[in-house]
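For reference, the structure discussed in these notes is given below.
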Amino acid sequence: MSRTLTTAMSNAVTADVVRPILLIRMVFDTAPLHVWNGVGDLTFSSNTYSGLGDLISISTIEETSDVSASGINVVLTGLKSSFLSTALNEDYQGRVITIHLGGFNASGSLIADPIIIFTGFMDVMTITEAGDSSTISIACENKLIALERSKERRYTPEDQKIDFPNDKGFEFVADTSKQEIIWGGRSTPLGVYGGGGNTTDPSTQGAGNLA
């Protein structure tokens, strides 16, 4: 998939010396969690990312020529107790995770406009505790996984009110399924025919006495 890089980022990734970094943003209900694979705090897009150094590992991010959803696995080790509390107490499944690829210039400053290399949803989180440190492994699904999910929506008043509580557009849908609609002609009640006689058998209409 092609990406649009700023001139500074394009020069950085093609330079003889490359200083790449990864910035991970995980959105929880109470507050997002920001970490990066460096040391100390780093400010990007008005958010402060806490450095975990080489305690962050990310599986290979795959991109294919067809439209397919390839997930990744993110492992965070040596987390602070506050991070662990967030992982234990927050609802995380289906929450957004975004990973940026950035870089430093020769003077150690962050190059403007890191690019998004993965956007998806957190799925399964595994927590392992060992002594005074904890490790969180997060299986993440690509956002394209949404294209593979069937839409469980119905043309009913109850379903319509999920998005539009005061909409009555589907109020009579059930009744219309019982209506008989005849296109291009006029309905004739059963047993009523033109011509003489009062018989209900059309084969005898207009017939004389053959005796």
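Rule-based calculations on the coordinates, nothing more; no lab input. As the structure is a prediction and not an experimental result, all values here were calculated from the model. So basically every Cβ, Gly included, is an ideal-geometry build from the backbone, and we count neighbours across all protein chains shown.
Net charge near Val96, counting Lys/Arg +1 and Asp/Glu -1 over other residues with Cβ under 9 Å of its Cβ? Don't skip to the answer; put the middle values down first.
Numbers: positive: Arg25, Arg95, Lys143; negative: none.
Cβ neighbours under 9 Å give a net charge of +3.
Quick check on the range 7-148: take the gyration tensor over C-alpha atoms, sort the square-rooted eigenvalues as a ≥ b ≥ c, and tell me if it's rounded (a/c under 1.5), prolate or oblate.
Details: a/c = 1.88, a/b = 1.20, b/c = 1.57.
It is oblate, given that a/c is not under 1.5 and a/b is not larger than b/c.
So what is the relative contact order of the range 7-148, in percent, for Cα pairs below 8 Å that sit 6 or more residues apart?
Details: 281 pairs, mean separation 36.0, N = 142.
Computed over the range 7-148, the figure is 25 percent.
Taking the highest mean first, how do the peptides 35-47, 169-181 order by number of other beta carbon atoms within 10 angstrom per residue? Write out the running numbers ahead of the final one.
Details: 35-47: 14.6, 169-181: 9.2.
Highest-to-lowest ranking by the protection proxy: 35-47, 169-181.
I need Met26, Met125 ordered by Cβ neighbour count within 10 Å, fewest first.
Working: Met26 25, Met125 17.
So the residues, fewest neighbours to most, are Met125, Met26.
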